[in-house]
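Below is one structure, written out as structure tokens; the observations come after it.
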Amino acid sequence: MSETQKLLTESAGRIFTDLCTRDRVEAAEAGTWPQELWQALADTGLTAAAVSEARHGAGAELPDLCALARVVGYHAAPVPLIETWLAEQMLAAADLQPIDGALAVGPVLRRDTLRLARQNGHWAVTGELKRIPWARNAAAIVLTAEADDGTRTVIVRDTKTIVEDWNYAREPRDTINLDRHRMSEDAVGAPGRGYGRAELFFRGALFRTQEMAGAMERVLELTVAYAKERIQFGRVIGKFQAVQQQIAALASQVAAGSAVAQAAAEANAAGLARFEIAAAKARIGEAVAVVAGVAHQVHAAMGFTHEHALHRSTRRLWAWRDEFGTETEWQAWVGTVAAQLGGEALWPYIVAARKPDLGAPLP
Amino acid sequence: MFTSFSLAGIEMPDHLERLREEVRAFLRAELEAGSYTREPSGWDRYDAAFSRKVADRGWIGMTWPRQYGGHERTSLERYVVTEELLAAGAPVRAHWLADRQFGPLLLAAGSEDQKRTYLPRIAAGECYVCVGMSEPDSGSDLASIRTKATKVEGGWRVSGRKVWTSYAHRAHLMNLFARTAAFDEKNRHEGVTQLIVDLDWPGITIKPIINLANDHDFNEVLFDDVFVPDDRVIGAVGNGWKQVSGELAHERAGSERWLNAYGVLVHLLDSAGTHPERGSAEKIGRLVTHLWTLHRMSFSLAGLLNQGITPAVEAALVKDLGNQFDQDIPEAARQVLQEEDRARLPEEDRFNDMLDRALLYAPSYPIRGGTREILRGIIARGLGLR
Ligand SMILES: Cc1cc2nc3c(=O)[nH]c(=O)nc-3n(C[C@H](O)[C@H](O)[C@H](O)COP(=O)(O)OP(=O)(O)OC[C@H]3O[C@@H](n4cnc5c(N)ncnc54)[C@H](O)[C@@H]3O)c2cc1C
């Protein structure tokens, strides 16, 4: 871990330790915006971490943001940090000005599309976008829209048509319904600049992978601690071999998840590394079944209560493995790439530090 | 934050990339010259001529000191070379154990005389070693071995029975684990000694044990009052257990733990075509994500070993995941190309041969080199549960 990463993750870790308390996470899950936490993150520059120094942000690189995202996941922080970073990256790529406050992005579903067209002398967007993370709390929603002259990045600020919904972790995943929604000129980027939907999707998958790695580390920690503390038949349950074997299997999956998250973070230091993102999201998504499954088995009834902390991490793992591509979707994508490569070309591709982009379409 | 696993990333310096290229060029040339072909048994083939060629390139004993025939290269360089050889299915089994385990053991615990006698021959690709640990009544519980070495004038007299000894019928030497002191339940790990035995010595009988694939791969090795001179004791008498424990991270972390069935995946990709349907693409893709993950984890481990760190837990965990991968490949392959498809593959297509071998050998991987349960016990200990 680089010095910058150490500094960033430590300062984020301190804030989360203080402000991601159980009560606050529960309040957020019940619908209260965690203003105090967000403010603390803003004060230390973490909300603007993805904004370049030239644009008065912290100028963190993608691997640094990945390291931070892991901390977010570890603490189950109920804030749209990675969404805000994604939005800032989209704005920068589209030569639009950075925006203060919590931000949301979209479309996040591959089958959702937003259309942009000129009507009566102004821009207007139309489309129903589902499962937009944190839309209700966002100062602005940064979206990729399809216009006649190509893809453009647009900023939607004042949508009144949000239908609130939640994921398993009770994080906001809202529907926004835009019907010839009028846009000001400065809220529309140039054609062909900025991210397309696929790029947003890959980047979202990269960040979710990091959050999942953090959440898994937390689950392992909780599970080992519980196994050392809970006594049955006169001894701690961690002394039972059946329990040990299960936790070892969990640990192997967590180690694999951490390794791929780290690998994907590094690979993305020099431009978008699609293969690594796809493979990492697939591998870590697959790991969730064992990680969450064993953790709950070891915690037994206690882990099934609202009282216990475990579910705050496992519910996030269940939600995040489905967002920005499930493991089977990414497996199919990787399988398509491998089939294109053919047998003998696979190995050199797998071990190459920088892999050529084979341009496979999204799953 | 919880940092139980030290599997951080490592830089891939340019010279490692060049080394990979060098190995690939060598393999391409050998393939063209017909000195080996990709076979169902992959790298698990004895081929003395090929081992000597690998030695000529300086790829055996890579990390050892020059004075013993080594090449003083880093363990990362060794990792890259071995990984390339295994992935290509090059027949490197003959020198494998001597290079991976026996050489490093001698360097760590052997006498000067032993190092001088054996290491140069091993590095030349001319001396092959097998390991005699398991016995009929001692598998996972290695400390319970009964093969007995009794002190006599100038050496030891060994009697006992070893089983499952891979390639004893082809190797020159055995690294023999024998009891030199009576078993003591309170100090169960003491009194075991490692001895270097020439397999053609009088009193040694090697009998094949045919495995379920109908191959002769492992053996029963009987010792009937075999004389072993004192200078064949490795390290200290009674210290065998400690000596072997230090080697386990090296033994478990390498790519040989997940490149046993790889040939199936190579042939599957070719036989399944460039546009597999969705279900097949998922199954193939899953294998590929695991391959990429294991490569990454093993490579990180090699980086740690290179820094002199021996991450026993991480090594156990990579072996556990790797063993699973070797089993997952044939399972997925038989679902992508099902009986109906396989029956119609052209005559020259090797996929069926590859699958046969991988499927039949699949049960052996989570057994040899420490069973899955024993590995998970090690992981649990590392987590502080035992
Ligand atoms: C193909 C192959 C090649 C081999 N080559 C060699 C070789 O070259 N040299 C050599 O010395 N040996 C070799 N072996 C032997 C190998 O090391 C042993 O098979 C292995 O250590 C397990 O011993 P075992 O088969 O006696 O099983 P056992 O130890 O009898 O185990 C049987 C079952 O009980 C489980 N078990 C045992 N103890 C415990 C415990 N404490 N907790 C939980 N579960 C437990 C095991 O995990 C396993 O599932 C080879 C084996 C195979 C399959």
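The values are calculated or read from the model by the stated rules, or taken from the named source; none is laboratory data. Please read all numbers here as calculations on a predicted model, not as lab measurements. No Cβ is skipped: glycine too gets one built from the backbone with ideal geometry, and neighbour counts run over all protein chains shown. Calculation scope for accessible area: heavy atoms of the full protein, side chains included, ligands and nucleic acids excluded. Shrake-Rupley method; radii C 1.70, N 1.55, O 1.52, S 1.80 Å.
Report the Rg/Rh value for region A:197-351, based on alpha-carbon coordinates and the Kirkwood definition of Rh.
Numbers: Rg = 17.5 Å, Rh = 16.5 Å.
Value, to two decimals: 1.06.
What's log10 of I(q)/I(0) for region A:3-187 at q = 0.11, 0.13, 0.15, 0.20 Å⁻¹, Debye sum over Cα points only, no solvent?
Evaluating at q = 0.11, 0.13, 0.15, 0.20 Å⁻¹ gives log10 I(q)/I(0) of -0.49, -0.68, -0.88, -1.38.
When only alpha-carbon atoms count, how far does chain A stretch along each of its three principal axes, as whole angstroms with the largest first?
Cα extents, longest axis first: 78, 54, 38 Å.
For region A:163-221, take every pair of Cα atoms, bin their distances at 5 Å starting from 0, and report each bin as a whole percent.
Once binned at 5 Å, the Cα pair distances of region A:163-221 give 4, 12, 10, 17, 21, 14, 10, 5, 4, 2, 0.
Taking every pair of Cα atoms in region B:330-386, average 1/r, invert it to obtain the Kirkwood radius, and report Rg/Rh to two decimals.
Working: Rg = 17.7 Å, Rh = 13.9 Å.
Rg/Rh: 1.27.
Which percentage, to the nearest 5, of the DSSP beta bridges contained in the protein assembly as shown is antiparallel?
On the way: 55 of 66 bridges.
Percentage antiparallel, nearest 5: 85.
Are any of the pairs A:6/A:281; B:148/B:186; B:151/B:186; B:148/B:242; B:151/B:319 more than 26 Å apart by Cα-Cα distance, and if so, which?
B:151/B:319
Give me the percent of the accessible area of region A:3-187 that comes from carbon and sulfur atoms, probe 1.4 Å, all protein chains in place. Numbers along the way, then the final one.
On the way: 3700 of 7990 Å².
C and S atoms contribute 46 percent here.
Given a 1.4 angstrom probe, what's the average accessible area per residue across region A:117-265, in square angstrom?
Accessible area per residue: 39 Å².
Run through all the Cα pairs of region A:295-339 and give the fraction in each 10 Å bin from 0, expressed as whole percent.
With a bin width of 10 Å, the distribution comes to 25, 32, 23, 16, 4.
With the other protein chains left in place, how much accessible area per residue, in square angstrom, belongs to region B:131-238 at a 1.4 angstrom probe?
47
Taking the inverse of the average 1/r across all pairs of different Cα atoms in chain B, what Kirkwood radius in Å do you get? All intermediate terms of the calculation are to be shown ahead of the outcome.
Details: mean 1/r = 0.0455 Å⁻¹.
Roughly 22.0 Å, rounded to one decimal.
If you take the accessible area of A alone, add that of B alone, and subtract the area of the pair, what total do you get in Å², probe 1.4 Å, to the nearest 100?
Chains A and B together bury roughly 4400 Å² of accessible area.
What are the semi-axes of the equivalent ellipsoid of region A:111-254, taken as the square roots of 5 times the eigenvalues of the Cα gyration tensor, listed largest first and rounded to whole Å?
Values for region A:111-254, descending: 48, 16, 10 Å.
Along each of its three principal axes, how wide is the spread of alpha-carbon positions in region A:277-317, in whole angstrom units, largest first?
35, 15, 7
What is the ratio of the Cα radius of gyration of region B:131-238 to 2.2 N^0.38 Å, where N is its residue count, to two decimals?
So region B:131-238 has a normalised radius of gyration of 1.04.
When Lys and Arg each count +1 and Asp and Glu each count -1, what net charge do the other residues less than 10 Å away from residue A:268, Cβ to Cβ, add up to?
-1
Which residue, B:260, A:256, A:32, has the largest displacement toward the positive end of the dipole of the protein assembly as shown when charges sit on each Cβ (Lys, Arg +1; Asp, Glu -1)?
Towards the positive end, the residue furthest out is A:32.
Among bridges DSSP assigns within region B:81-186, what percent are antiparallel (round to 5)?
Here the antiparallel bridges make up roughly 55 percent for region B:81-186.
Once the convex hull of the C-alpha atoms of region A:27-106 is built, how many Å³ does it hold per residue, rounded to a whole number? If you can, show how the numbers build up before the last one.
On the way: hull volume 7.5 nm³, N = 80.
With only Cα atoms used, region A:27-106 gives 94 Å³ per residue.
What do you get for the angle between helix B:372-382 and the principal long axis of chain B? Use alpha-carbon atoms, 0 to 90 degrees, nearest ten.
The angle comes out at about 80 degrees.
Using a 1.4 angstrom probe on the protein heavy atoms only, could you order A:163, B:192 from most to least accessible area?
Per-residue accessible area, sorted high to low, gives A:163, B:192.
For region B:14-127, treating each Cα as an identical point scatterer without solvent, what Debye log10 I(q)/I(0) comes out at q = 0.10, 0.15, 0.16, 0.24 1/Å?
Computed log10 I(q)/I(0) values: -0.27, -0.61, -0.69, -1.38.
Restricting things to alpha carbons, tell me how big region B:160-310 is in terms of Rg and Dmax, in Å.
Over region B:160-310's Cα set, Rg and Dmax evaluate to 21.5, 64 Å.
Run the helix sum for chain B: -39,500 (n - 2.57) per DSSP H stretch of 4+ residues, divided by residue count, reported at 222 nm to the nearest 500 deg cm²/dmol. Kindly include the intermediate steps, with their values, before the conclusion.
Values: 13 runs with 171 residues, N = 386.
Helix-only estimate at 222 nm: -14000 deg cm²/dmol.
Mean shadow of the protein assembly as shown, computed from the convex hull of its alpha carbons, in nm²?
Computed as one quarter of the Cα hull surface, the answer is 35.2 nm².
State, as an integer percentage, the relative contact order of region A:197-351 based on alpha-carbon contacts under 8 Å between residues 6 or more apart.
Once divided by the residue count of region A:197-351, the mean separation gives 32 percent.
Just to check I understand the Karplus step: with θ = phi - 60° and J = 6.51 cos²θ - 1.76 cosθ + 1.60, what whole-Hz values come out for region B:239-254, glycine and proline as x?
9, x, 4, 4, 4, 6, 4, x, 8, 5, 4, 5, 5, 9, 8, x
Placing +1 on the Cβ of each Lys and Arg and -1 on the Cβ of each Asp and Glu in the protein assembly as shown, which of A:346, B:132, B:104 has its Cα farthest towards the positive end of the resulting dipole?
B:132
Once the convex hull of the alpha carbons of region B:273-386 is built, what does its volume come to per residue, in cubic angstrom?
136
Per-residue HN-Hα couplings for region A:230-235, Karplus 6.51 cos²θ - 1.76 cosθ + 1.60 at θ = phi - 60°, whole Hz, x for Gly and Pro?
Per-residue couplings from phi come out as 6, 10, 9, 6, x, 8 Hz.
Rounded to the nearest 10 Å², what accessible area does residue B:96 have for a 1.4 Å probe in the complete protein model?
Approximately 10 Å² of residue B:96 is accessible to the 1.4 Å probe.
Divide by every residue of chain A the summed helix terms, -39500 (n - 2.57) for each DSSP H run of at least 4, and state the resulting mean residue ellipticity at 222 nm, rounded to the nearest 500 deg cm²/dmol.
Helix-only estimate at 222 nm: -17000 deg cm²/dmol.
Search the structure for amide H atoms under 5 Å from the amide H of residue A:151, placed 1.01 Å from N in the peptide plane, and list their residues when 5 or more places away or on another chain.
Amide H neighbours of residue A:151: A:192.
Can you give the Rg/Rh ratio of region B:278-345, where Rg is from the C-alpha atoms and Rh is the Kirkwood radius?
Checking Rg against Rh, the ratio lands at 1.17.
For region A:265-340, max minus min Cα coordinate along each principal axis, in Å, sorted largest first?
Ordered largest first, region A:265-340 gives principal extents of 48, 26, 17 Å.
Around residue A:185, with a cut-off of 13 angstrom between Cβ atoms, what is the net charge of the other residues, counting Lys and Arg +1 and Asp and Glu -1?
In short, +2.
Would you kindly derive the ³J(HN,Hα) couplings of region A:58-67 from the backbone phi angles with the Karplus curve 6.51 cos²θ - 1.76 cosθ + 1.60 (θ = phi - 60°), listing them in order in whole Hz, with x for Gly and Pro?
Whole-Hz 3J(HN,Hα) from phi for region A:58-67: 7, x, 6, 7, 4, x, 5, 4, 4, 4.
With a 1.4 Å probe and every protein chain kept in, tell me what percent of the accessible surface of chain B is carbon plus sulfur.
So the carbon and sulfur contribution to the accessible surface is 49 percent.
Taking chain A as a Gaussian network, Cα atoms linked when under 10 Å apart, which of A:287, A:54, A:102 shows the biggest mean-square fluctuation?
In this elastic network of chain A, the residue with the biggest mean-square fluctuation among A:287, A:54, A:102 is A:54.
Given a cut-off of under 8 Å on Cα pairs at least six residues apart, what relative contact order in percent is computed for region B:17-139?
Relative contact order of region B:17-139: 32 percent.
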